[in-house]
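The values are calculated or read from the model by the stated rules, or taken from the named source; none is laboratory data. Computed from a predicted structure; not experimentally measured. Positions of Cβ are backbone-derived with ideal geometry, glycine not excepted, and every protein chain shown enters the neighbour counts. Side chains are part of the model used for accessible areas, which takes the heavy atoms of the whole protein and leaves out ligands, DNA and RNA. Shrake-Rupley method; radii C 1.70, N 1.55, O 1.52, S 1.80 Å.
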Amino acid sequence: MNSEKLKLYAELIRFDRPIGTYLLLWPTLWALWIASEGIPDFKLLIIFSLGVFLMRSAGCAINDYADRDIDLHVARTKNRPLTSGKISANEALSVFVALCLVAFLIALQLNTLTIMLSVVAVALAASYPFMKRYHHFPQVHLGAAFSWSIPMAYTAVTGILPPAEAWLLYIAALLWTTAYDTQYGMVDKEDDLEIGVKSTAILFGKYDNFIIATLQLLALIIITVVGIMTQRGPAFYTSILLACGFIVYQQTLTKYREPQKCLTAFLNNNWLGMVIFIGIAIDYA
């Protein structure tokens with residue numbers, strides 16, 4: 001395999017744009033820290049960090065495979081390796097399968113229950129890209145996929161079915177993901193309307209910013225409830241207040257629904273997820 005082909009594969013999995021990896025990583029770390037009461041096993045940290053990278057990369061590959069005809073009509077995506085014909089559909093599908101297999105081999109280092117949950121993770125990742133053809137909630141489906149690392153983290157630490165706090169954290173991450181992926185959908189809204197694909201950005205219409213803020217605030221409220229259940233302290237609650245500040249900032253960016261500012265708001269969610277993790281880590285420390 002030559003260097004040019006490797007470069008195209010790296011572009012396929014968005015290696016140069018790691019925002020998706022970060023957004024998947026933060027809820028994973030929230031769960032690992034809380035489940036292990038602030039002292040996560042180093043091996044689990046490595047396994048889940050690698051798993052996050054591999055599954056996000058696999059998700060990008062299957063997304064481009066699913067959208068190879070749609071992306072031709074979207075200004076932001078028409079030059080992607082698969083859409084532009086630089087790599088084939090079979091190559092993209094092979095990259096997806098290879099990454100999933102590597103991720104599964106790594107997951108085999110975990111307990112049986114976590115391995116079983118990893119199969120669900122692959123199913124969610126593989127099905128998500130096709131949902132925009134059938135309903136207006138592909139962002140919710142992405143939320144279910146991106147948040148599945150939370151129950152997996154709990155089972156990896158405890159070896160038993162996740163407790164109520166884990167599922168609350170899962171719901172919070174799902175709501176947050178739906179919100180920021182709606183912001184992402186606002187970037188391509190005009191193109192999507194012309195093509196006829198579905199998204200929450202289209203469904204929410206003029207209420208998009210209000211619903212995004214509501215989903216984000218509900219997510220923070222649920223995370224706060226988890227904090228109360230796990231007896232967290234001042235550092236944790238300070239991080240929640242700082243996260244509220246990021247929500248306000250994002251609302252100022254998306255107020256007039258300018259695509260570039262909507263993209264900036266989407267990217268800002270990296271800092272929101274990070275500050276919550278820092279609050280959790282400091283609080284346990």
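The value obtained for segment 22-89, namely the Cα convex hull volume divided by the number of residues, is 93 Å³ per residue.
Helical runs assigned H by DSSP (4 residues or longer) give the chain a calculated mean residue ellipticity at 222 nm of -25000 deg cm²/dmol, each run adding -39500 (n - 2.57) before division by the residue total.
Would you work out if the chain is rounded, prolate or oblate? Take a ≥ b ≥ c from the square roots of the eigenvalues of the alpha-carbon gyration tensor; rounded if a/c is under 1.5, else prolate when a/b is larger than b/c, oblate otherwise. Here the chain falls in the oblate category. In terms of overall dimensions, the C-alpha atoms belonging to segment 26-151 reach 48, 29, 23 Å along their principal axes, ordered largest to smallest. Semi-axis lengths, largest first, of the ellipsoid equivalent to segment 89-155 are 22, 18, 7 Å, with √(5λ) applied to each eigenvalue of the Cα gyration tensor. Give Lys132/Lys206; Lys7/Lys132; Lys78/Lys132; Lys86/Lys198 a once-over and call out the pairs whose C-alpha atoms are over 23 Å from each other. Those over the limit are Lys7/Lys132; Lys86/Lys198.
For segment 188-285, the C-alpha radius of gyration divided by 2.2 N^0.38 Å, with N the number of residues, is 1.26. Taken per residue, the accessible surface of segment 4-124 reaches 46 Å², heavy atoms only and a 1.4 Å probe. A Förster radius of 51 Å, combined with the Cβ-Cβ distance separating His136 from Leu50, puts the computed FRET efficiency at roughly 0.90. In segment 142-254, inverting the average of 1/r over every pair of distinct C-alpha atoms gives 15.4 Å as the Kirkwood radius. Summary of packing: across the peptides 65-76, 24-35, the per-residue average of other C-beta atoms within 10 Å ranks them, highest first, as 24-35, 65-76. Charge dipole (Cα centre; +1 on Lys/Arg Cβ, -1 on Asp/Glu Cβ; no other charges) of the chain amounts to roughly 220 debye. The modelled label-to-label distance between Ile115 and Leu218, using points 7 Å beyond Cα along the C-beta direction, is 3.7 nm. Taking every full run of DSSP H in the chain, the ones that stretch at least 18 Å from end to end by Cα along their long axis and average 0.0 or higher on the Kyte-Doolittle scale are 19-35, 42-66, 89-107, 112-127, 164-187, 208-229, 234-254, 259-284. Most tightly packed first, judged by the mean number of other beta-carbon atoms within 10 Å of their residues, the peptides 236-246, 81-91 read 236-246, 81-91.
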